[in-house]
Amino acid sequence: MRRSPADSIVRAIPTDSRWAFDSVMYTRRLVLSSLLGLLGTAALPGQGEAAAKKTPPLPGRKPAPKAVPRLPPRPPAIVILDPGHGGRDPGAIGVTGTEEKDVTLSICQGIRQMLADHPDIRVFLTRDRDSYIPLPSRVAFAHEKNADLFISIHADAAPNRAARGLSAYTRADKATDDFARHLADRENRVDAVYGFDAGATDKQTAAILIDLARRHGHNASLAAKRRIVTGVGHRVQLLDNPMRAANFAVLRSPALPSVLIETGFLSNPQDEKILRSPKSRAALARYLADQIAPVAVDLREA
């Protein structure tokens, strides 16, 4: 039988080197067949695929991992904006006649507009017109929407006309100072705990659940207050000691992170001038929206 030149070459290689040669040739054939398969795919649809299927796998290559199923997207964070007062309750009235209920509604509508295109946030207002909404109904509305964050917007009259600037409040049974207590007393119309139904549990279990809910809501409210005030403080006038606490009725839901923001005081001529200006209210709404957005998203992901 006639031997080919290739057979002569193979026989000429020492036995202990033949394995290395076979490996090199195997690799060469693999590369060539892969290239031919690619060329065939480009030239003749279907033929390249068949060739690729016949290509032996590389030594030691692990099979491709299975695709991990994607988790469903998170629902958007729900933010409830509560424009203070409304309808028959005008709230504070400034020295030139500016009514708090109009200021708060305008700012809340501005915040909602600023967050309208945010993909991870949905904003609802407790009132969208000049209407009277009882305090318990405002909190109940937030729970109906399964809210992640409740922000009540105000522009009250301060105990003294010199007081001015933005401030934020979280709930406390005992106010941090007389100033905060005065504001809470002015706002409150009811005295109850909202948003937590413990009717189906025994008294001891209910007490534990309410205590846990209060701690979570309180800690989240403090963090939200701190972030909002710190964020807007570089752009707007702040009240002295702008982070306070008092027993506001709309902040009493134990499980719902809640903050009451006094955007300024209509009892102060300078604050009233700012708050009666549509341009100034729009700017304030933008500053608040910039801080509310990350707070809401963080609460949803917590």
Name the residues in the stretch 162-182 that are in contact with a helix residue (DSSP H, G or I) (Cβ under 8 Å, 6 or more places away or on another chain) and either crowded, with 23+ Cβ neighbours inside 10 Å or charged (D, E, K, R) (or both), would you?
Arg164, Leu166, Ser167, Ala168, Tyr169, Thr170, Arg171
Of the residues in the stretch 156-176, those that are part of a loop (DSSP other than H, G, I, E, B) and under 8 Å from Ala245 (Cβ atoms) number 3
Would you pick out the residues in the stretch 270-284 that are within 14 Å of Leu166 (Cα to Cα) and not basic (Lys, Arg)?
Gln270, Asp271, Glu272, Ile274, Leu275, Ser280, Ala283, Leu284
Going residue by residue through the stretch 122-143, is there one that turns out to be in contact (Cβ under 8 Å) with a residue 60 or more places away in the chain, of a type outside the set (D, E, K, R) and closer than 23 Å to Ala282 by Cβ?
no
Return yes or no: is Ile153 assigned to a loop (DSSP other than H, G, I, E, B) and of a type in the set (A, V, I, L, M)?
no
Set Ile78, Ile93, Ile107: member being within 18 Å of the chain's Cα centre (by Cα) and modelled with pLDDT of 95 or more
Ile78
Mind listing whichever residues of the stretch 86-130 are closer than 19 Å to Ala142 by Cβ, part of a helix (DSSP H, G or I) and among the aliphatic types (A, V, I, L, M)?
Leu105, Ile107, Ile111
Checking the conditions here, which among Gly217, Gly231 is under 22 Å from the mean Cα position of the chain (by Cα), buried (at least 22 other Cβ atoms within 10 Å of the Cβ), outside any loop (DSSP other than H, G, I, E, B) and assigned by TED's automatic domain parsing to the domain that holds Asp177?
Gly217
If Ser258 satisfies every condition in (1) at pLDDT below 95; (2) closer than 19 Å to Ala296 by Cα but one, which is the exception?
(1)
If you go through Ala172, Ala158, the only one that is in contact with a Lys or Arg (Cβ under 8 Å, 6 or more places away or on another chain), small (Gly, Ala, Ser) and more than 12 Å from His85 (Cα to Cα) is Ala158
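The values are calculated or read from the model by the stated rules, or taken from the named source; none is laboratory data. The shown structure was predicted, so the numbers you read here are calculated from the model rather than taken from an experiment. Note that each Cβ is placed from the backbone with ideal geometry, even for glycine, and that neighbours are counted across all protein chains shown.
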